[in-house]
Protein chains: 2
Amino acid sequence: MRANRFLFSSLAAVLISMTVVGMTTAADQPTPGERALKYRKSLYQVIVWNFGPMSAMAQDKMPFDPAGFAERAQRIAQLTPMLAESYPPESKGVADSKLKSKMWDNRADFDAKLQDLVDESAKLAQVAKTGDEAASKQAFFDTANACKSCHDEYKADD
Amino acid sequence: MRANRFLFSSLAAVLISMTVVGMTTAADQPTPGERALKYRKSLYQVIVWNFGPMSAMAQDKMPFDPAGFAERAQRIAQLTPMLAESYPPESKGVADSKLKSKMWDNRADFDAKLQDLVDESAKLAQVAKTGDEAASKQAFFDTANACKSCHDEYKADD
């Protein structure tokens with residue numbers, strides 16, 4: 001354990017300073033809200049990357065690859081439950097966000113929409129495992145509509 | 001299906017244009033290599049966010065919360081296998097990356113180190129499920145050392 005702690009010390013110092021809320025006070029450190037927004041955007045990037053080929057397959061713009069589709073569906077199902085943590089109260093009003101401020105007055109509705117995305121993602125992963133092309137595509141559209149339902153209400157236009 | 005396709009159309013247009021390699025040609029679109037780097041950085045952000053509280057717990061800077069630790073360990077085990085795809089040949093030489101260029105001449109070694117991280121992450125998630133504090137902390141340090149082993153060789157200093 002001691003050798004490991006030694007090897008680990010420099011990485012730990014970086015990680016701790018970057019990631020434990022309230023542990024740093026330097027003026028150039030991001031606020032907890034800014035950190036949450038960065039996490040949120042990163043999560044969406046990872047989701048969108050994996051959504052892309054699925055979207056192309058679902059719309060017959062790429063050949064349907066059941067294994068690839070299922071792998072990405074599994075990832076989406078793993079990623080969407082991580083989103084809730086990226087909308088803490090501390091992130092209210094943080095700059096450079098497309099989140100409409102009315103979300104903070106409609107938190108229960110927002111959370112329900114997010115849960116709907118989690119639920120649809122879980123179904124998508126289950127259906128994709130079967131390799132059924134039509135059912136997989138339908139489950140993808142259902143998941144994409146869960147995205148859109150929330151974006152329509154709470155995401156500012158590009 | 002038709003109603004869903006209608007609802008989905010605008011989101012699909014955005015996703016397709018953002019994410020399907022080679023489908024867009026506008027000059028201001030990121031290259032495939034730039035897109036991969038953005039995905040890579042996003043993945044590491046998501047990993048680091050989840051690593052933070054685990055790191056603090058492993059070093060006794062936060063109380064050990066077995067359920068929270070296990071949930072984040074599970075996430076790490078889900079995320080690390082996504083990293084390999086973020087280092088495609090197209091990303092060689094892309095600006096704003098801390099990846100040392102020598103990686104491209106040592107790809108097998110790099111891939112082995114990445115696989116080691118995937119393996120250690122999987123062990124970490126398994127151990128964390130048991131709730132055993134000492135074993136969980138040791139597995140965390142083993143995973144962090146897998147990070148460090150690759151960073152020492154292939155990541156430029158900050």
Worksheet item: Put a point 7 Å out from Cα along the line to Cβ at residue A:112; what are the distances to that point in the other copies, in nm, shortest first?
Response: 5.6
Worksheet item: Which distances, shortest first and in nm, link residue B:30 to the matching position in the other copies, using label points set 7 Å out along Cα to C-beta?
Response: 1.5
Response to the item:
Ordering A:65, A:28 by the accessible surface of their heavy atoms, 1.4 Å probe, largest first, yields A:28, A:65
Worksheet item: Roughly speaking, what is the stretch gain from residue A:29 to residue A:130, that is 0.36 nm per residue apart minus the C-alpha to C-alpha distance, in nm to one decimal?
Response: 31.7 nm
Worksheet, complete the sentence: Label points for residue B:156 built 7 Å along Cα→Cβ; distances to same position in the other copies, nm, shortest first, come to 3.3
Worksheet entry | For segment A:82-96, Karplus couplings with θ = phi - 60° (6.51, -1.76, 1.60), whole Hz, Gly/Pro x | 7, 5, 3, 5, 8, 10, x, x, 4, 8, 4, x, 5, 5, 6
Worksheet item: Within the set A:38/B:61; A:98/B:41; B:129/B:155; A:102/B:98, which residue pairs have Cα atoms separated by over 28 Å?
Response: B:129/B:155; A:102/B:98
Worksheet, complete the sentence: Taking A:124-137, B:94-107 and ranking on average Cβ neighbours within 10 Å, highest first, one gets A:124-137, B:94-107
Item to complete: Compute the signed sum of charges (Lys and Arg +1, Asp and Glu -1) over the other residues within less than 9 Å, Cβ to Cβ, of residue B:97.
Response: +2
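The values are calculated or read from the model by the stated rules, or taken from the named source; none is laboratory data. Please read these numbers as outputs of a predicted model, since none were measured by experiment. Positions of Cβ are backbone-derived with ideal geometry, glycine not excepted, and every protein chain shown enters the neighbour counts. Calculation scope for accessible area: heavy atoms of the full protein, side chains included, ligands and nucleic acids excluded. Shrake-Rupley method; radii C 1.70, N 1.55, O 1.52, S 1.80 Å.
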